[in-house]
Amino acid sequence: MKLTLILLFFIIPLLHFAEGAEIVYEIQYKTNGSIKTGYIFGGFTDSNTDSIYKNHPKEFQEHMLSHGTYEDTISIHLVLHDLTDIQAKAAFPIHSFQLGSEVIHIPSNQITFMKLIKTWIKSDYHIEMLSEYRQEDTLWFNNKHNIYYPVGVEIGCRINAYEFDSSKNNKVLLKQFGIEYLKKVTTPSDYQYRKRLIQLLYQNKVIIIELCGC
């Protein structure tokens with residue numbers, strides 16, 4: 001039975017590999033006597049991990065902790081943002097979920113239990129909403145809009161700016177953001193300035209989306 005589970009775990013992703021997907025595992029784990037929930041990156045192939053390991057926590061734990069990436073330390077994201085509702089209504093491209101930035105690193109030998117709760121899957125094409133949104137603002141995310149490309153469309157990563165209020169003149173802010181985006185951010189003040197430009201644009205109902213890929 002154990003051998004069958006292991007073979008299924010590796011064979012099924014190969015059958016779906018061409019689809020190109022990024023996987024995140026939502027898990028329950030136990031460390032220092034406490035059971036917690038977290039999210040771990042599972043790779044870039046599509047799989048039916050839920051059907052294979054969801055009811056087999058021991059096999060899932062053995063697989064993950066014997067994986068080369070997690071043999072010594074496992075990196076666990078504390079938050080996953082479920083963007084399914086926004087994805088369904090937004091006029092701009094966005095993935096159905098996005099991992100939060102806060103990560104903890106735990107020695108693998110300190111994890112005494114690990115259970116798969118859910119497998120989250122999205123396209124491996126990088127799409128990130130750089131604008132920090134408020135839930136009440138999502139009502140206008142599907143309104144009529146203009147699209148601008150402040151860094152052009154010929155580089156590996158590009159920026160799409162979706163303007164939902166044409167009464168505001170955003171050309172200067174968008175131009176400045178494009179200049180800052182193409183600069184190498186080297187200091188906290190550079191990062192804060194770029195973040196401030198994104199905030200000012202959002203106040204004018206402009207959503208900034210970063211897209212990277214082939």
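What net charge is computed for the residues neighbouring HIS145, neighbours being all others with C-beta under 15 Å from the C-beta of HIS145, Lys and Arg scored +1, Asp and Glu -1?
After counting each charged neighbour, the total is +1.
Excluding MET114 itself, what net charge comes from residues whose Cβ is under 12 Å from its Cβ, given Lys and Arg +1 and Asp and Glu -1? Write out the running numbers ahead of the final one.
Details: positive: LYS30, LYS36, LYS58, LYS115; negative: GLU26, GLU59, GLU62.
Here the count lands on +1.
Give the lysines whose C-alpha is closer than 21 Å to that of LYS118, dropping any in the same chain fewer than 8 places away, or say none.
LYS2, LYS30, LYS36, LYS54, LYS58
Report the calculated FRET efficiency for THR186 and SER101 (r = Cβ-Cβ distance, R0 = 25 Å), to the nearest 0.05.
0.85
Show me 181-194, 81-94, 118-131 ranked by packing, highest mean number of other Cβ atoms within 10 Å first.
Ranked by mean Cβ neighbours within 10 Å, highest first: 118-131, 81-94, 181-194.
Which of the peptides 143-150, 24-31 is most tightly packed, and how do the rest follow, judged by the mean count of other Cβ atoms within 10 Å per residue? It would help to have the intermediate numbers written out before the result.
Values: 143-150: 14.1, 24-31: 19.0.
Top to bottom by mean Cβ count within 10 Å: 24-31, 143-150.
Please turn the phi angles of segment 103-117 into ³J(HN,Hα) values with the Karplus equation 6.51 cos²θ - 1.76 cosθ + 1.60 (θ = phi - 60°), one per residue in order, whole Hz, x for glycine and proline.
Computed from phi, the couplings for segment 103-117 are 10, 10, 10, 10, x, 4, 6, 8, 9, 9, 7, 8, 10, 7, 9 Hz.
Laboratory data are not the source of any read-out in this text; all were calculated from the coordinates shown. Bear in mind the structure is a predicted one, so any value in this text is a computation, not a measurement. Every residue, glycine among them, receives a Cβ derived from its backbone with ideal geometry; neighbour counts consider all protein chains shown.
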